[in-house]
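See structure below.
The values are calculated or read from the model by the stated rules, or taken from the named source; none is laboratory data. Just so it is clear, the structure is predicted and the values come from calculations on it, not from any experiment. Virtual Cβ from ideal backbone geometry, glycine too; neighbours counted across all protein chains shown. Ligands, DNA and RNA are stripped out before the accessible areas are found, and what is left, the full protein with its side chains, is counted by its heavy atoms. Shrake-Rupley method; radii C 1.70, N 1.55, O 1.52, S 1.80 Å.
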Amino acid sequence: MKWSTLILLLLVASQWQAWGQTAPDTWWVQFTDKANTPYTIDQPSAYLSARSIERRQTQGILVDDLDLPVDPAYIATVLGIGDIQLMNRSRWFNAITIRTTDPGLLDAIEALPFVQNVRSVRRLVGDRPHSDKFGEQFTGVPRGGGDEDYGASFLQISMMNGHLLHELQAKGEGMLIGVLDSGFEGTDSLLAFSELRDRGGIVLTADMVSHDGDVYQDHWHGRSVLSCMAARLPGQLVGTAPNADYALVRTEDVGSEYIVEEDNWISGAELLDSLGCDILNTSLGYTVFDDSLQNHTYADLDGETTRISIAGGIASRKGMIPVTSAGNSGENDWYYISAPADAIDILAVGAVGEDAQPAPFSSHGPSADGRVKPDVSAMGWGTIGLGVDGVEVVPINGTSFASPLVAGLVACLWQLHPERTAQDIMSAVRSSASHFDDPTPQLGHGIPNFMLAHDILSLTSGITERTDTDMHLFPMPFTDRLTLMLPASFGDPVDITIFDPLGRSTLSLPGSLVPAEGVVIEGAQLAGLNSGIHVVHVRLHDRVLVRTVVKVP
């Protein structure tokens with residue numbers, strides 16, 4: 001061995017020892033199995049709430065091995081090895097997060113026959129300072145105008161026709177939204193949340209970072225995010241789901257950036273799943289870290305690589321609707337969306353301004369595997385919400401604030417269609433969006449129209465399957481000619497029916513479409529269709545495809 005190599009190894013060992021002496025390191029310990037767990041799939045009430053079980057049953061989702069808690073005997077064995085603190089646990093990944101000041105214990109943990117791997121997720125080096133990662137996002141004086149109740153916040157909700165859902169008395173009643181963020185400073189006392197508190201609308205709080213049980217002293221960001229959904233200050237600010245219930249979970253440590261925060265999020269999402277949440281809002285995103293060895297690359301953003309994005313997909317499969325910010329990297333070197341915005345079957349939200357044009361900072365899609373991202377966009381450039389002090393209502397910049405606008409309206413929409421699945425709701429939201437047939441890397445499918453999404457769900461009751469990519473219609477909008485194409489794999493001629501927004505059949509063309517050849521609907525066939533929104537149904541046996549179209553004069 002060269003002396004230079006030996007000296008380097010000694011320096012590394014010395015530094016390792018210094019790390020252990022100055023501060024605890026944090027590790028992810030993943031187990032091999034749940035073979036001896038005392039929990040069973042046929043008794044889910046031992047680890048899932050009645051609400052969580054009902055959510056699964058309503059959507060035909062079976063309890064499976066992912067739902068089973070980590071074997072408590074495995075956890076006890078690891079903790080019994082030495083000075084080790086249990087931080088969090090993950091059912092979905094069969095893992096725990098631990099903290100210890102003695103890295104020498106890791107060899108003993110790795111030697112356990114039921115331990116699959118041990119990975120560093122946070123290594124503290126001295127007292128290295130880290131600036132607030134959220135930065136300054138408040139932009140000045142609120143614009144005027146708008147409905148007398150909503151005040152300046154009217155534009156951001158009316159842009160998506162969310163106020164029309166409110167007029168249908170759908171303001172989130174009966175829905176439970178989980179918010180995973182940096183902290184909710186002042187939410188227990190601020191006037192904007194007094195109605196929420198008075199009716200007992202905060203059903204749970206949890207701190208997955210410090211576990212001190214208090215999320216109300218930690219940071220402003222989660223509170224400002226919450227204000228976009230839950231605040232009520234008549235004449236100034238009304239959130240998109242002011243009557244929903246909320247569970248507030250701190251997963252983000254604003255003083256540093258390590259991958260352990262993704263694992264905090266996973267444990268928080270699992271907690272919210274077991275509580276029975278319908279919707280998760282995540283105004284967080286991860287790309288690079290203080291420890292560069294933990295950094296993601298754009299290639300990782302395929303929905304199946306980062307743990308947090310995999311967990312986002314699992315949350316969706318468990319019947320929840322995860323809504324997440326796309327990221328604010330549109331003007332920097334990263335440029336693209338962040339994890340977990342790349343997760344499969346969720347709603348990632350980009351930002352637009354009051355002119356409905358993309359915000360320059362809003363991160364771009366697609367995902368690394370080519371899926372449309374963001375899924376939709378909402379106002380995140382000048383969004384009206386609570387400022388740093390929690391008292392002033394000010395414009396805020398960031399996809400962080402576009403996401404909760406959508407999450408709240410998703411709750412209102414689902415309230416109107418409780419029999420529908422999470423996938424049905426997300427599909428309707430995407431289908432209603434302004435650029436659904438022509439998505440862009442910055443807007444995704446565009447700005448959703450929640451009243452149109454409501455119409456789509458009302459008109460498509462009983463549909464067995466819906467696929468956004470199989471059916472191609474053009475031009476969009478159309479005037480006196482509409483062409484419809486399907487792939488040859490559909491085989492037989494299929495039926496076409498067009499409905500107006502009230503659900504009335506305005507055109508029926510049985511057996512008129514031959515896949516691969518297409519069909520042109522024109523002239524007298526379109527004479528009975530008024531200008532405006534229509535819904536096209538294409539039926540083959542028990543399969544139905546749905547697409548919204550717009551006829552112009």
(message) I need the phi-derived Karplus couplings for segment 231-238: 6.51 cos²θ - 1.76 cosθ + 1.60, θ = phi - 60°, integer Hz, Gly and Pro marked x.
(response) 5, 9, 10, x, x, 10, 8, 10
(request) Please give, to one decimal in nm, the separation of the simple spin-label points placed at R119 and Q357, each 7 Å out from Cα toward the Cβ. (result) 4.2 nm
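If you average 1/r over all unlike Cα pairs in segment 222-297 and invert the result, what Kirkwood radius do you get in angstrom? Intermediate results must be reported in sequence, preceding the final value.
Values: mean 1/r = 0.0700 Å⁻¹.
After inverting the pairwise mean of 1/r, the radius is 14.3 Å.
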(message) Suppose each label sits 7 Å from its Cα in the direction of the beta carbon; what would the D212-L168 distance come out to in nanometres?
(response) 4.4 nm
(request) Note the angle between two axes, namely the Cα long axis of helix 307-317 and the longest principal axis of the Cα atoms of the chain, as a number of degrees from 0 to 90, rounded to the nearest 10. (result) 40 degrees
(request) Quick one: divide the alpha-carbon radius of gyration of the chain by 2.2 N^0.38 Å and tell me what you get. (result) 1.03
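Sorted by mean Cβ packing within 10 Å, highest first, what order do the peptides 169-178, 400-409, 520-529, 379-388 take?
On the way: 169-178: 21.9, 400-409: 30.9, 520-529: 13.1, 379-388: 25.9.
Packing order, densest peptide first, comes out as 400-409, 379-388, 169-178, 520-529.
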(message) Run the simple label-point estimate for V552 and N36 please: 7 Å along Cα→C-beta, distance reported in nm.
(response) 6.9 nm
(message) With only alpha-carbon atoms in the gyration tensor, what are the semi-axes of the equivalent ellipsoid for segment 176-263, in Å, largest first?
(response) 23, 12, 11
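Ranked from the most accessible area to the least, with a 1.4 Å probe and all protein chains present, what is the order of H472, H166, H435?
Numbers: H472 100, H166 10, H435 65 Å².
Of H472, H166, H435, the descending order of accessible area is H472, H435, H166.
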(request) Give me the number: length gained by fully extending D83 to A299, i.e. 0.36 nm times residue separation minus the C-alpha to C-alpha distance, one decimal in nm. (result) 74.0 nm
(message) Cut-off 19 Å, label point 7 angstrom out along Cα-to-Cβ of R51: give me the residues of segment 402-419 whose amide nitrogen falls inside.
(response) 407-419
(request) Return the Cα extents of segment 306-387 along principal axes one, two and three, sorted largest first, each rounded to a whole Å. (result) 35, 29, 21
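Restricting to the chain, compute how many DSSP beta bridges are antiparallel as a %, nearest 5.
On the way: 55 of 83 bridges.
Counting only bridges with both partners in the chain, antiparallel ones make up about 65 percent.
Counting Lys and Arg as +1 and Asp and Glu as -1, what is the net charge of the other residues whose Cβ lies under 15 Å from the Cβ of P113? Display every interim value, and only then the final one.
Working: positive: K34; negative: D33, D71, D107, E110.
Spelling it out: positives minus negatives among the neighbours equals -3.
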(message) Can you sort S531, S363, S512 by solvent-accessible area, 1.4 Å probe, largest first?
(response) S531, S512, S363
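Enter the accessible area per residue of the chain (Å², integer; probe 1.4 Å; all protein chains in place). It would help to have the intermediate numbers written out before the result.
Values: 21710 Å² over 553 residues.
Computed with neighbouring chains in place, this is 39 Å² per residue.
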(request) Quick one: grab Rg to one decimal and Dmax as a whole number for segment 229-353, Cα atoms only, in Å. (result) 15.2, 49
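What FRET efficiency comes out for the pair D492/D64, r = Cβ-Cβ distance, R0 = 35 Å, nearest 0.05?
Numbers: r = 36 Å, r/R0 = 1.03.
In this case the efficiency is close to 0.45.
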